[in-house]
Amino acid sequence: MSQITETDKENIGLFLIAAKEAGASDALFIDAEEIVVDDRVRLKCFVPLCRHYGDLVCPPNVPTPDEFRKYLSCYRFAVMLATQYNNPPKPPSLAESEDVSREIRKKSTELSEILLKLESLCLQKGYRFAAGFTGGSCHYCDKCVKTGQECKTPYKARPSMEAVGVDVVGTLQNVGVNLEFPVSDKIKWWGLLLVD
């Protein structure tokens with residue numbers, strides 16, 4: 001385990017409370033060494049080809065898994081947090097319903113907003129390298145501009161964990177959280193905040 005100071009422990013407690021107060025359904029501490037990076041996760045951006053490929057915070061516009069491993073090695077700890085959508089419709093209706101799509105965008109954006117608040121709190125506490133990664137694609141705009149164009153929300157948009165190769169399922173298993181597949185009564189969007 002990385003060296004965590006008493007001040008870090010106090011701040012971690014503050015970050016977890018702040019995440020819950022901001023609307024996270026779950027918030028937990030994780031040692032940076034427990035974060036699993038697997039090249040096969042990013043492969044899923046290509047097989048099958050994701051419709052978000054080429055978005056500004058998706059591959060190929062974000063660090064590769066190898067680059068992310070290098071960055072990750074500089075961090076000591078992280079916070080993982082989630083937002084939750086209860087009683088989702090069962091596939092295939094999930095992709096077909098406009099109401100469901102709107103709810104998914106809302107929950108995804110909620111997760112991003114909580115991450116932004118926590119990043120700001122980290123900066124206030126002196127963790128100048130804090131960096132947030134959302135779950136799934138960015139939903140700040142109805143349609144993302146593509147490579148070579150300017151982001152409309154550059155201070156809000158964050159790449160997903162999956163885009164840089166983080167195995168969310170494996171990482172959560174490392175801290176005793178098992179994700180349910182297929183989804184039954186709830187969907188959780190997990191985000192990651194690297195802190196140092």
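None of the figures in this text is laboratory data; all of them are computed from the coordinates on show. Predicted model, so just to flag it, every value in this text is computed and none were measured. For neighbour counting, all protein chains shown are included, and Cβ atoms are generated from backbone atoms with ideal geometry for every residue, glycine included.
Observations on the model:
- Cα-based shape type of region 6-195, given that a ≥ b ≥ c are square roots of the gyration tensor eigenvalues and the cut on a/c is 1.5: rounded
- Proximal lysines to K9, defined as alpha-carbon separation beneath 22 angstrom and excluding residues fewer than eight positions away on the same chain: K20, K117, K125
- Angle between the chain longest axis and helix 98-124 axis [Cα atoms, degrees, rounded to 10]: 20 degrees
- Fraction of antiparallel bridges per DSSP, region 6-195 only, in percent to nearest 5: 95 percent
- In order through region 70-82: 3J(HN,Hα) via Karplus (6.51 cos²θ - 1.76 cosθ + 1.60), integer Hz, x for Gly, Pro: 4, 5, 4, 5, 8, 9, 9, 8, 8, 10, 10, 9, 9
- In order through region 21-37: 3J(HN,Hα) via Karplus (6.51 cos²θ - 1.76 cosθ + 1.60), integer Hz, x for Gly, Pro: 5, 7, x, 5, 7, 9, 8, 8, 7, 8, 5, 4, 5, 8, 6, 9, 10
- Charge dipole (the chain, unit charges on Cβ, about Cα centre) - positive-most of S120, P60, M161: P60
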